[in-house]
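Just below is one structure, and these are the notes that go with it.
The values are calculated or read from the model by the stated rules, or taken from the named source; none is laboratory data. What you are looking at is a predicted structure, and each value in this text was computed from that prediction instead of being measured. Because the Cβ atoms are built from the backbone with ideal geometry, glycine has one as well, and the counts that use them run over all protein chains shown. Please note that ligands, DNA and RNA were not included when accessible areas were found on the heavy atoms of the full protein model with its side chains. Shrake-Rupley method; radii C 1.70, N 1.55, O 1.52, S 1.80 Å.
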Amino acid sequence: MAYRWKNNLKESDVTSESAFLNRRQIMAGVAGSIAAGALGTSARAMGPWNADDVGEPNEWEDITSYNNYYEFGTGKGDPAKYAHMLTTKPWSVTIDGLVDKPGDYAFEDIMSKMSIEERIYRFRCVERWAMIVPWNGFELADLLELAGVQSGAKYVAFETALRPEEMPGVSQPVIDWPYVEGLRLDEAMHPLSFIATGIYGKDIPNQNGAPLRLVVPWKYGYKSIKSIVRITVTETEPPTAWNNYSAREYGFYSNVNPNRSHPRWSQEYEQLLGQGLFAEKIPTRLFNGYEEEVASLYEGMDLLEFH
Amino acid sequence: MSVAAVINTPVRHIPAGLIYMCSLAYAGWLLWLGIENRLGANPVEALEHALGEAALYLLVAGLVVTPLRRFAGLNLLKFRRAIGLSCFFFVVLHLLTWAVLDVQALDRVWADILKRPYITVGMAGFLLMVPLALTSNNRSLRWLGADWRKLHRLTYAAAVLGGMHYVMLVKGWQLRPLVFLAIILVLLLLRVRRRARPAKV
Ligand code: HEM
């Protein structure tokens with residue numbers, strides 16, 4: 001079902017680059033004063049925000065030049081440099097497992113059956129940076145319904161393309177390739193779970209996961225797997241790439257949670273990108289601010305144990 | 001003339017001060033790029049990483065001076081103090097960028113030093129470098145006499161900690177930090193052999 005969730009953003013908020021530039025100049029002005037007070041204490045608290053004030057999207061330039069897509073290299077700029085090597089036409093997604101109509105679904109056929117909408121989401125990386133991205137695409141639930149989820153299904157597994165000749169990064173064993181991810185079925189069917197095929201109304205660039213990628217805004221960014229070639233509906237919890245690398249650091253759920261300190265990064269604070277050198281850190285919200293929408297999925301669950 | 005001699009002769013005319021000037025210029029340039037917002041989407045990280053990288057390169061450069069002289073006859077000794085102090089300069093800027101621009105609060109700085117192993121290790125490397133930097137002048141050299149050399153063996157520990165810090169902070173199994181740590185360890189091993197051998201003769 002399309003349009004199950006809306007942010008109440010005015011259209012003018014989305015693409016207005018001039019408004020963005022104005023704000024940047026103001027930022028430069030306050031930069032000095034922020035820097036001067038920067039080493040105070042961190043007791044500042046902020047109220048939770050919801051979908052209504054998700055904020056102004058980041059610039060196209062930032063969204064498409066600063067990426068984690070290790071198949072093309074571990075540097076933030078590597079994907080923008082090398083992802084053009086990836087052939088995205090033709091593309092098909094194998095949907096199999098506990099579905100009524102397993103098979104290879106051509107990207108064009110999928111697109112012709114989906115209604116494309118815009119979703120402006122917060123995107124939060126485990127590395128403590130965040131962006132606001134105006135995605136275009138469709139609900140994951142719609143794609144799953146296309147294939148027909150069978151009873152008994154409990155999880156959905158995803159897999160990224162693995163093409164050594166087009167992906168210079170996979171020659172290094174940074175993690176076990178191919179990149180795999182997974183969701184519980186109820187998470188996958190949640191109206192916020194989204195398959196993005198565009199940004200700012202343009203086709204999604206390769207470095208952002210063309211031609212189609214998952215976006216799960218209440219989880220750390222690595223759950224939002226890119227360039228999907230396989231979706232498998234299963235009964236058991238599927239393996240996930242970063243969990244395989246270090247289960248202590250990266251759990252299956254990976255819900256954004258300021259109360260669970262990651263061994264590498266405190267998750268209490270985050271940096272919204274695109275605000276210059278002197279931008280202030282902002283407090284992280286539980287479920288990345290989507291608590292109202294998704295908390296019920298985890299009722300009675302210990303979020304620290306099932307991190 | 002040997003290759004070493006060909007290089008040694010002109011190198012004699014290059015003042016060590018050039019290294020300080022290059023370091024200052026590079027740091028200034030990075031800061032300027034940051035203020036002009038030309039360091040990409042995440043300028044704090046870009047600055048932090050560029051300064052850390054500069055420190056790491058200078059760390060390796062400092063360790064390479066002695067083996068180069070011993071095994072290749074290249075005499076770059078007069079640059080070593082400038083290399084070491086420049087390395088310290090970049091570590092200080094790296095640390096300041098982290099504390100002031102990245103973490104932004106003293107209580108969180110302290111918490112990270114205690115709780116994040118790669119920060120703890122980096123910090124230990126920095127602390128070992130403090131007495132080295134403070135005694136990298138002619139007066140300390142005279143005043144400490146033979147103790148100066150002993151004190152400056154701390155360099156080796158600081159180097160290993162710096163290399164380990166880099167290995168620990170990256171996500172996944174990445175080659176580059178391991179290569180740096182390997183280079184540092186090899187440069188240290190070359191010294192062990194050198195000191196062990198003449199002791200028996
Ligand atoms: C021996 C001195 C040190 C050296 C040689 C060093 C070197 C480095 C290098 C090479 C990087 C990675 C740059 C990259 O990925 O391109 C780095 C990152 C970093 N260093 Fe250091 N460092 C030192 C001390 C410190 C200290 C004292 C601190 C803080 C207490 C610190 C905090 C950090 C942080 C927070 C990062 C970034 C981590 C991330 O992005 O996840 N370092 N350092």
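Considering the range B:97-167, the qualifying helices (runs of 4 or more DSSP H), each wholly inside and each with 2 or more residues that are farther than 26 Å from residue B:27 by Cα, run over B:106-115, B:138-144, B:146-151. Going residue by residue through the range B:42-49, is there one that turns out to be assigned to a loop (DSSP other than H, G, I, E, B), modelled with pLDDT of 95 or more and not aromatic (Phe, Trp, Tyr)? Yes, the conditions are met somewhere in the range B:42-49.
The residues of the range B:159-172 that are within 8 Å of the ligand (Cβ to nearest atom), in contact with a Phe, Trp or Tyr (Cβ under 8 Å, 6 or more places away or on another chain) and hydrophobic (A, V, I, L, M, F, W, C) amount to a single one, B:169. Only one entry of A:261, A:254 meets the criterion of being without any contact (Cβ under 8 Å) to a residue 24 or more places away in the chain and either within 28 Å of residue A:153 (Cβ to Cβ) or within 14 Å of chain B (Cβ to nearest Cβ) (or both), and that entry is A:261. Just one of (1) of a type outside the set (Gly, Ala, Ser); (2) crowded, with 17+ Cβ neighbours inside 10 Å; (3) within 14 Å of chain B (Cβ to nearest Cβ) fails for residue A:176. It is (2). Within the range B:93-109, the set of residues being at pLDDT 95 or above and more than 9 Å from the ligand (Cβ to nearest atom) comprises B:93, B:96, B:100, B:101. State yes or no: is residue A:179 over 14 Å from the mean Cα position of the chain (by Cα) and in contact (Cβ under 8 Å) with a residue 12 or more places away in the chain? Judged against the criteria, residue A:179 is a match. For the range A:200-220, the set of residues classified as within 27 Å of residue A:298 (Cβ to Cβ) and open to solvent by 10 Å² or more (accessible area, probe 1.4 Å) consists of A:220 only.
A search for C-beta distances below 7 Å between a residue of the range B:168-187 that is over 23 Å from residue A:168 (Cβ atoms) and facing chain A (nearest Cβ under 10 Å) and any residue that is open to solvent by 20 Å² or more (accessible area, probe 1.4 Å) and part of a helix (DSSP H, G or I), counting only pairs 6+ apart in sequence or on different chains, returns B:168/B:117; B:168/B:118; B:168/B:121.
Within the range B:145-165, is even one residue within 14 Å of chain A (Cβ to nearest Cβ) and either under 27 Å from residue A:127 (Cβ atoms) or surrounded by 14 or more Cβ atoms within 10 Å (Cβ to Cβ) (or both)? Checked against the condition, which is being within 14 Å of chain A (Cβ to nearest Cβ) and either under 27 Å from residue A:127 (Cβ atoms) or surrounded by 14 or more Cβ atoms within 10 Å (Cβ to Cβ) (or both), the range B:145-165 yields at least one hit. Here residue B:136 fulfils each of the conditions (1) within 13 Å of the ligand (Cβ to nearest atom); (2) open to solvent by less than 40 Å² (accessible area, probe 1.4 Å); (3) of a type outside the set (Val, Ile, Thr) apart from (1). Looking across the range A:213-246, the residues that are among the aromatic types (Phe, Trp, Tyr) and within 14 Å of chain B (Cβ to nearest Cβ) come down to A:220, A:222, A:242, A:245. When we screen B:122, B:73, B:52, B:62 for residues that are open to solvent by less than 50 Å² (accessible area, probe 1.4 Å), within 12 Å of the ligand (Cβ to nearest atom) and farther than 25 Å from residue A:263 by Cα, the only hit is B:62. Give the residues of the range B:107-134 that are out of contact with any Phe, Trp or Tyr (no Cβ under 9 Å at 6 or more places or on another chain), more than 9 Å from chain A (Cβ to nearest Cβ) and of a type outside the set (Val, Ile, Thr), sorted by residue number. Residues satisfying the conditions are B:110, B:114, B:123, B:124, B:125, B:127, B:128, B:131, B:134. The sole residue among B:38, B:12 that is away from the ligand (no atom under 12 Å from the Cβ), within 13 Å of chain A (Cβ to nearest Cβ) and surrounded by fewer than 21 Cβ atoms within 10 Å (Cβ to Cβ) is B:38.
Could you tell me which numbered condition residue B:31 fails, if it satisfies all but one of (1) at pLDDT below 95; (2) on the phi < 0 side of the Ramachandran plot; (3) open to solvent by 40 Å² or more (accessible area, probe 1.4 Å)? Condition (1) is where residue B:31 drops out. Whenever a residue of the range B:110-131 is closer than 27 Å to residue B:147 by Cβ, its partners that are more than 11 Å from the ligand (Cβ to nearest atom), lying with C-beta atoms within less than 8 angstrom and at least six residues away or across chains, give the pairs B:128/B:154; B:129/B:154; B:131/B:151; B:131/B:154.
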